[in-house]
Amino acid sequence: MTTKELKDKYLEFFKEKGHKIISGSSLIPENDPTALFISAGMHPLVPYLLGEKHPAGKRLVDVQKSIRTSDIDEVGDDVHLTFFEMLGNWSLGDPDAPNGVGAGYWKKEAIEMSWEFLTDKKWLGLDKDKISVTVFVGDSDAPFDEESYNLWLKRGIPKERIVKLPKKDNWWGPAGKTGPCGPCTEMFYQGIEIWNDVFMEFNKTVDGKYEPLKQKNVDTGMGVERTVAVLNGKKSVFDVEPIKSIVEKVRKLAKNKDEKSERIIAEHLRAATFILGDENGIIPSNVEQGYVLRRLIRRAIRYGKKIGIEKAFTHEISNSVIELMSDEYPELEKNKDFIIEQLVQEEEKFNKTLEKGLKEFEKGTDPFILFTTYGFPIEMTEELAKEKGIKINREKFQKDFEKHQELSRTAIAGRFKSGLADNSEAVTKLHTATHLLLAALRKVLGEHVYQKGSNITAERLRLDFSHSEKMTAEQLKKVEDAVNEVIAKDLPINCYEVSLEKAKEIGAMGVFESKYGDKVKVYSVGMSDCPFSCEICAGPHIKSTGQLGHFKILKEEASSAGVRRIKAILE
């Protein structure tokens, strides 16, 4: 079975079970400032897990591209990847409502569907006697999951193949530091995990407490590459297409054979290609997602040197990724020139300093100097040091790094520039003001302006937008005045639930529209026939602009190539 066949079967199965197929989201979180990348299928759905009504209904299914760097040092073994595809299906609330088309469901139906898809000959047809499962053992925060335990017994799984595990092993935490979470039941085939049903009934608060959610949700996930490896009797995800062909491309370029190095290069450059190909235009840098991207590329280059690849090669591997995967992810072909350009530039930069940096490392140069002067990510320095039996003072590096960065919001700290800090009144007001700011920027600077990212806390908003030149004082005043004029008029903020096509027809902007199904929420400011702002959005909004107070721009600066940033407050 190919990865595409598995994805098609999964979507077909859950469509038959009353689920609406929705598009996967951007790799960059829209409404979560505590995470760098989408790391699980549930991540883009957090607002709906918390109670927001999803335009596509209560039963959803999709394929979501994801990035996880927590296990980056393990990449090269048989199972770990930083970029992977995740299959997921969800029930958003109402598990006790009468069953019917589109109704929510809970543990019984979730487990029954998982079992059917895994074992029925029409679907995956796995041997029932080779399946084992886990359930949550219980603790002071939540009780033993007796219901799941009994449901698996009814499916015919003997007690000895139902393992009770603690929270560290059998609890799905929030996508960020806070949010929806709950116990899970995992399914293993011949000892390899292939599926996870998560029963989200708690909300983890900022003080670490677990409160009952307003609604019960089911969130399930199946890793595409790992499952296809199991189905095909392969021991490694690197034996599965398309990553198998990417590894083979690396092998052809190498003078020396080393399986782990070949795998790392293929995996990291596949991940880098998808990050660069994302709609948010991330580029290699020393902060946030750009830092992770740089680390992946430079780690691949270092392992390339190790296996004798002397020429520039990252763009060649990326070309293979684009050729193999753009049919399913057309954004890769669409952004091909940008992807290749960034890889070539980054490889040129790193090659210029790599030799010097290695010499400095041999001299015992401070890791922070290696980072700032030679572009060595601290993790690379640690890897080099480990090979030579040297211990790096990570704590000192972190302190130096935090001094170096204005706000200490780094990839190491696991924080990201996009999203809302919470759903408080202050954040809701600033989120609404961000809509007005974007509309005002388009009116003053032109329609080339689009949102490229945002971060909103209770104190201020931050908006990244496409524009290549520094704004003049006159332009900033025009934008500020335009927003305050709208506030002074106390215009209503209207919400419509319409089809995606209708939203486009009425001119609604939607940078992140790909996550939605057939219906979307559109928020417009002012009269419907001629609104000041009209955007597809799932975040919280106030009722009218008069509640905002006075809008003030604090700073306008460069964010990245072709992207500017504005920080503003409400007084």
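The values are calculated or read from the model by the stated rules, or taken from the named source; none is laboratory data. Only a predicted model underlies this, so the values are computations on that prediction, with no experimental measurement involved. Neighbour counts run over all protein chains shown; Cβ positions are idealised from the backbone, glycine included.
A few comments on the model shown:
- Scan of the range 449-498 for residues that are crowded, with 19+ Cβ neighbours inside 10 Å and among the hydroxyl-bearing types (S, T, Y), ordered by number: S454
- Among the residues of the range 342-372, those identified as within 14 Å of A312 (Cβ to Cβ), of a type outside the set (A, V, I, L, M) and in contact with a Leu (Cβ under 9 Å, 6 or more places away or on another chain) are Q342, E346.
- Among the residues listed as F238, F202, F188, the single one being among the aromatic types (F, W, Y) and out of contact with any strand residue (DSSP E or B) (no Cβ under 6 Å at 6 or more places or on another chain): F238
- Residue ID - nearest to E556 (Cα to Cα), chosen from residues in the range 468-491 that are part of a loop (DSSP other than H, G, I, E, B) and touching a strand residue (DSSP E or B) at 6+ places or on another chain (Cβ under 6 Å): M471
- Filtered residues of the range 246-266 (kept if out of contact with any helix residue (DSSP H, G or I) (no Cβ under 6 Å at 6 or more places or on another chain) and closer than 30 Å to K9 by Cα): E248
- In the range 138-150, the residues that are in contact (Cβ under 8 Å) with a residue 60 or more places away in the chain reach residues that are among the acidic types (D, E) with C-beta atoms within less than 9 angstrom, at least six apart or across chains, in these pairs: A142/E201.
- Cross-chain or 6+ apart pairs with Cβ under 7 Å, the range 270-295 first and outside the structural domain of F84 (by TED's automatic domain parsing) and within 16 Å of K334 (Cα to Cα), then of a type in the set (G, A, S) and surrounded by 19 or more Cβ atoms within 10 Å (Cβ to Cβ): T273/S318; D278/S26; E279/S26; N280/S26; N280/G453
- Verdict on D207 being under 30 Å from A142 (Cβ atoms), acidic (D, E) and touching a residue at least 60 places away in the same chain (Cβ under 8 Å): no
- Residue selected from the range 374-387 under the condition of a type outside the set (A, V, I, L, M, F, W, C) and over 12 Å from L358 (Cα atoms), by the criterion farthest from the chain's Cα centre (by Cα): E387
- Scanning the range 180-217 for residues being in contact with a Pro (Cβ under 8 Å, 6 or more places away or on another chain) and exposed (fewer than 14 other Cβ atoms within 10 Å of the Cβ) gives a total of 0.
- Test for L324: is it assigned by TED's automatic domain parsing to the domain that holds E383, in contact with a Pro (Cβ under 8 Å, 6 or more places away or on another chain) and either of a type in the set (S, T, N, Q) or part of a helix (DSSP H, G or I) (or both): yes
- Any hit, the range 11-34, residues being modelled with pLDDT under 85 and out of contact with any helix residue (DSSP H, G or I) (no Cβ under 9 Å at 6 or more places or on another chain): yes
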